[in-house]
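Shown next, in structure tokens, is the structure this report addresses.
Bear in mind these aren't lab numbers, they're just calculated from the coordinates by the rules spelled out. Keep in mind the model is a prediction, meaning the values are calculated, not measured. So basically every Cβ, Gly included, is an ideal-geometry build from the backbone, and we count neighbours across all protein chains shown.
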2 protein chains.
Amino acid sequence: MADKRRLDDPQLWRLLWRGEEQPSARSGLTVGRIVRAGIELADEAGLEALSMRRVAERLGVGAMSLYTYVPGKQELVVLMVEEVHGELPTDPPAAAGATGGATDVLVGDAPADGDALAGDAPADGDALAGGDRGESQPGWRAGLRRMAEEYWDLYQRHEWLLDVPLTRPATGPNLMDRYERDIALVDGIGLDEFEMTATIELIYEHVAGAARRLRAIRRDAEASGLSDEEWWYRLLPTLNQLLADRNYPVTSRVGEALSAPHLDTGYLFHFGLERILDGIEAHIARRRAG
Amino acid sequence: MADKRRLDDPQLWRLLWRGEEQPSARSGLTVGRIVRAGIELADEAGLEALSMRRVAERLGVGAMSLYTYVPGKQELVVLMVEEVHGELPTDPPAAAGATGGATDVLVGDAPADGDALAGDAPADGDALAGGDRGESQPGWRAGLRRMAEEYWDLYQRHEWLLDVPLTRPATGPNLMDRYERDIALVDGIGLDEFEMTATIELIYEHVAGAARRLRAIRRDAEASGLSDEEWWYRLLPTLNQLLADRNYPVTSRVGEALSAPHLDTGYLFHFGLERILDGIEAHIARRRAG
DNA sequence: ACAGCGTACCGTACAAAGTACGAATGGCGC
DNA sequence: GCGCCATTCGTACTTTGTACGGTACGCTGT
């Protein structure tokens, strides 16, 4: 981990935007293979298990050989991030074009609610999509919703992304392509440039935050071998004793009404997303009215 | 870092809820002193510079002495988190009571906009507080806004908080008190228990996310010795060459309109926060109407 | 005041990490 | 075939968390 920052190194940019690669005659290594090995390792065991030695081992080479191709671990991680963003769909931004027509095909229900988010409707379903109210929704809502879900899925596939520290955008083609697509989703809907940027970042943040929360729950559950419920139950006596003289009226009332499984499966994600979209919509409407 | 999880250890709970401490006769150590030393160190040099040896050195004891008081580094960090949450104000949740009266004192402009967020109004100010539209705002808005700003300030003082991996709530009295206060802010305003929880978490996430973004910008700027603007400017030729054949119409249009300083100072934070509050408000109104 | 004891202290050591250094080695151009 | 030089990587140094077990300090009982 020698020194802190080499990340704005032009070398890193060249790596991010590298083209086709010839495998090395001697070992068959390429930057791409190294990056992919790193991704596999991180997928399986997490970012903290990612070490240069282990990546090398997986590739059947010595640890130091990697340094011929990649300046260091930091840079490897940046390249991994760029690489996995290539998994995101790249088809054009759907019909989420400009003015937000009344009857968009994608509108009306939470789309692509399938795989990673299956079966997560909590007690009252209407907290979710919000598509079941009478009014029609502007087209950009569906676009942003889909965007959020694509990132959500990405985070499910590559949880280590949640641990990568943000740095100055060291952006490769995949990230760049996606950003263009994402920002285009809010183009021409009545926001200025600042607001467009802030909206997209807001949703990025929200997805990552919700994914982080979900992962924390999941991880702790399996680490302790206890489900969240069991864990709380186990702790109750200790807790009650400690809290004897304090009182937390709202917390306990709310806590009793909740049970972990409901928060488990993306409720935070959906609720927050729809509230954000509501907020953007309200902002645009207000702007347009005033 | 022996094994992964000891965090639901009852010992940790005892430490979190420990009462008064007698300083050790021999070294003068207490858990509190160790925790405070850790906080100082992390404040100055970041979480990745926090090592047991360095904490011990700062306290004038051997590294292994710490282990008499604290089970390990992980636990120390948890204790640090609990400790700094004691800095948050603990006065009652202001006037942000129940139904949201028409004329609340706290309403009408972004309150406590002072220190950490000074002078951050971007091009068009109305993207911010939103308090300048004719209508009055419900009282809970001011409460949540203030809450967000308190956490924002906390993150400015203790940036390392942004690097602490979330775990199952290993909660001490400070965190517990604050959670009670926070959740009370949304009590009785027309949300069910799930929504109350999700709302608070949504804002937690947002504050952390925005703080993380800001820190990334700041850190990279000082690491490279270049401001964000200079950095981009420096990179332009490389960039243009790389992007020659691709085109990013929206990105470049938006990018040109933006300049870093505007995003620098909490614009993302404010814009996102107000949008979230708008979204909650819209949700409540819709619920009430339907 | 002193003996003795238990616990607080910590020196040493080990594994695993990133990566600097420089020797070896093997494929490619002639 | 020959020689060159980039590629490969063994070794080593530093820093980390923390296990182990010895040492010595201060409190307690006389």
In what sequence do A:Thr171, A:Thr90 fall when counting other Cβ within 10 Å, fewest first?
A:Thr90, A:Thr171
Computed FRET value (nearest 0.05) for B:Tyr67 with A:Arg18, which takes r as the C-beta separation and R₀ as 35 Å
0.15
Rounded to one decimal in nm, the spacing of the 7 Å Cα→Cβ label points at A:Ala285 and B:Ala285 is 0.6
Using a 10 Å cut-off on Cβ to Cβ distances, tally the other chain neighbours for every residue of A:268-274 and report the average as a whole number.
5
Put the label 7 Å from Cα along Cα→Cβ for A:Gly62; what are its distances to the other copies, in nanometres, shortest first?
3.8
To the nearest 0.05, what FRET efficiency results for A:Ser136 and A:Asp192 with a Förster distance of 35 Å applied to their C-beta separation?
0.90
Output row for B:Ala216: copy-to-copy label distances, label 7 Å along Cα→C-beta, ascending, in nanometres, one decimal, is 1.9
Find, among the residues of chain A, the one whose Cβ sits nearest the axis of the rotation taking A to B; state the distance in whole Å.
A:Gly279, 2
Other chains near A:204-217: what is the mean number of their Cβ atoms within 10 Å of each residue's Cβ?
4
Please compute the length gained on full extension between A:Arg157 and A:Arg58, using 0.36 nm multiplied by the number of residues separating them and subtracting their Cα-Cα distance.
33.6 nm
Could you please rank A:Trp13, A:Trp152, placing first whichever residue has the fewest other Cβ atoms within 10 Å of its Cβ?
A:Trp13, A:Trp152
At 7 angstrom along the Cα-to-beta-carbon line, where would the label on A:Arg18 sit relative to the other copies? Give the distances in nm, shortest first.
5.0
Pairwise FRET efficiency - B:Ser27 versus B:Glu87, Cβ, R0 = 30 Å, nearest 0.05
0.65
